[in-house]
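Below is one structure; the comments refer to it alone.
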Amino acid sequence: MRNKLAAAKHHRLIYLLSVAQRRLQRRMAAQPASEVTPAQAGLLFILGKQDGVLMGEAGAALDLGPAGISGLVDRAATARLVERRADREDGRAWRVWLTPKGRTTLAQAKASTAEINARLTEGFTSAEIDIVARWLTSIQDKFPRDPTRDPTRDPTRDPED
């Protein structure tokens with residue numbers, strides 16, 4: 001156990017993840033054909049799979065809370081990529097739909113993402129990438145967006161202990 005902890009500290013995983021995320025976000029935003037932010041592209045990808053999704057569902061898929069998805073949809077609507085419509089069955093709920101410009105931009109984002117994914121996986125076997133993907137996915141399970149849903153959290157424990 002001690003060797004595993006020493007090895008994990010040596011790898012500086014938090015630092016490496018943080019730097020990788022910042023560099024990847026900058027690279028994606030700097031793409032010459034990119035008309036959208038990485039977050040807007042994420043919204044377009046969701047709508048490309050299921051157009052007319054509820055805002056809350058889109059927010060959950062993007063790991064955003066209500067304020068975050070509302071702002072993202074507002075910015076995407078201002079850019080004429082999406083439009084927001086009231087849900088027919090629940091007037092309090094809103095659905096998000098791709099516009100023609102959003103569909104064109106989605107196609108461009110898919111091509112750009114394919115290029116970046118190819119570069120990210122270059123030099124690694126499919127099995128290695130499967131392990132990386134499994135590890136990154138496990139982080140979402142270990143550190144859920146809502147800490148009250150964290151299975152390792154003991155609500156009776158004082159955080160100061």
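Calculate, for Asp146 and Leu17, the FRET efficiency according to 1/(1 + (r/R0)^6) with r their C-beta to C-beta distance and R0 25 Å; round to the nearest 0.05. Don't skip to the answer; put the middle values down first.
Numbers: r = 21 Å, r/R0 = 0.82.
Once rounded, the FRET efficiency stands at 0.75.
Can you tell me what the convex hull of the Cα atoms of the range 36-99 projects to on average, as an area in nm²? Write out the running numbers ahead of the final one.
Numbers: hull surface 15.3 nm².
For the range 36-99, averaging the hull's shadow over all directions gives 3.8 nm².
For the range 13-99, with all protein chains present and a 1.4 Å probe, just round the carbon and sulfur fraction of the accessible area to a whole percent.
Working: 3030 of 5430 Å².
The computed percentage sits at 56.
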Rolling a 1.4 angstrom probe over the protein heavy atoms, how many square angstrom per residue are accessible across the range 57-141?
69 Å²
Semi-axis lengths, Å, the range 21-60, gyration tensor of Cα atoms, sqrt of 5 times eigenvalues:
23, 11, 6
The range 93-145: radius of gyration over Cα atoms, expressed as a fraction of 2.2 N^0.38 Å:
1.62
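Restrict the search to the range 60-106; then list the trypsin sites (Lys or Arg not before Pro) that DSSP places in a loop and that have at most 11 other Cβ atoms within 10 Å of their Cβ. If you can, show how the numbers build up before the last one.
Numbers: sites: Arg75, Arg80, Arg84, Arg85, Arg88, Arg92, Arg95, Lys101, Arg103; in loops: Arg80, Arg88, Arg92.
Listed in order of number, the matching sites are Arg88, Arg92.
The values are calculated or read from the model by the stated rules, or taken from the named source; none is laboratory data. Only a predicted model underlies this, so the values are computations on that prediction, with no experimental measurement involved. Heads up, the Cβs are rebuilt from the backbone with ideal geometry, glycines too, and the neighbour counts pull from every protein chain shown. These area figures cover heavy atoms from the full protein model, side chains too; ligands, DNA and RNA do not enter into them. Shrake-Rupley method; radii C 1.70, N 1.55, O 1.52, S 1.80 Å.
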